[in-house]
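Notes follow the structure.
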Amino acid sequence: MAKQSEQVQQIPISELFPFKDHPFRVLDDEAMQRTVESISQFGVLAPAIARPRPEGGYEIIAGHRRLHASQLLGLETMPVLVRQMDDDTAIILMVDSNCQREHILPSEKAKAYQMKLEAVKRKAGRPSKINSGQVGPNYFERRSNQIVADEAGESVKQVQRFIRLNKLTPDLMQLVDDGRLKTTPAVELSYLTPEEQEEFLSYMEEEGCTPSLSQAQKLKAASKESVLTKDKIHGIMSARSPSVKPREPQLTIAVSKVERYFPKGCTSEQMESTILKLLENYYRKRQDYER
């Protein structure tokens, strides 16, 4: 029965539907054009993966780009591996299959990691009261984060940063996707309220600027203290960094080059003091000679 439910079938394209809340965009870009050309020449080499829908038809788990390319070519069917799976298993497979792509937008990763983390937590289930007491209340939360990070080839902190980006307003998230706002300061901005984010976006557009990490951290701190007004934003963004006195050039002489001129056991500090005194005497004598 399992083998029959997972066999590759030629499914009518009209019966294939996208995954609910699919976080990955299907764009008509150069990569899509290459996919279209490949399918036109060789057909769909790798079957899509889908599961039956209760209301009829099939929900695509992996293969949205192949489906779109087939639609552009006017194909009537495409090969699909039909598999029965629950929602969380489908979410995890959908995220994993799409995260293999070379170019993924920050917003796509943010939503995909969030969806997978929630699915992993649900599949893990709630621990028993006995186990919960033994391992601590945050153990399973940390474990779920680690699973998502390991399978994505990322650090736990990096996964958490991407998930945090989901707190950005759509306009600020778009700036991150466009490369106009760096990810690290964007994470700090995600702690601002939506109203504060909109206010800051207006300032950015008016001034034609983007925040450094330090500035974003100060904006976050001001938001936490509920003092992030328009004037406060201007003050943080227009403040100059304190000037740092240029470091004096250093002259270093290896002890091995001068130790023969000093008594045995003489320290480097004593050598330096003696050299400075000798240089001072030399300078005075030269001054007297030039007069």
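The values are calculated or read from the model by the stated rules, or taken from the named source; none is laboratory data. Just so it is clear, the structure is predicted and the values come from calculations on it, not from any experiment. We place every Cβ from the backbone using ideal geometry, glycine too, and count neighbours over all the protein chains shown. Surface accessibility is based on the protein's heavy atoms, side chains included, excluding ligands, DNA and RNA. Shrake-Rupley method; radii C 1.70, N 1.55, O 1.52, S 1.80 Å.
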Quiz item: By accessible area of protein heavy atoms, probe 1.4 Å, what ranking do Ser40, Ser223, Ser97 get, highest first?
Solution: Ser40, Ser97, Ser223
Quiz item: Among the listed pairs Lys182/Lys230; Lys123/Lys224; Lys182/Lys218, which are separated by more than 24 Å between their Cα atoms?
Solution: Lys123/Lys224
Practice problem: Mind checking the per residue accessible area of the stretch 154-291 for me, 1.4 Å probe, whole number of Å²? | Solution: 76
Quiz item: To the nearest 20 debye, what charge dipole does the chain have about its Cα centre, counting +1 at the Cβ of each Lys and Arg and -1 at the Cβ of each Asp and Glu?
Solution: 1580
Practice problem: Wrap a convex hull around the Cα atoms of the stretch 1-124, take a quarter of its surface area, and give that in square nanometres. | Solution: 8.1
Quiz item: Mind checking the angle between helix 139-152 and the chain's longest principal axis? C-alpha axes, 0 to 90 degrees, to the nearest 10.
Solution: 90
Quiz item: For the chain, which whole percent of the accessible surface, found with a 1.4 angstrom probe, sits on carbon and sulfur atoms?
Solution: 50
Exercise. Could you provide, to the nearest whole Å², the per residue accessible area of the stretch 1-78 with probe 1.4 Å?
Key: 61
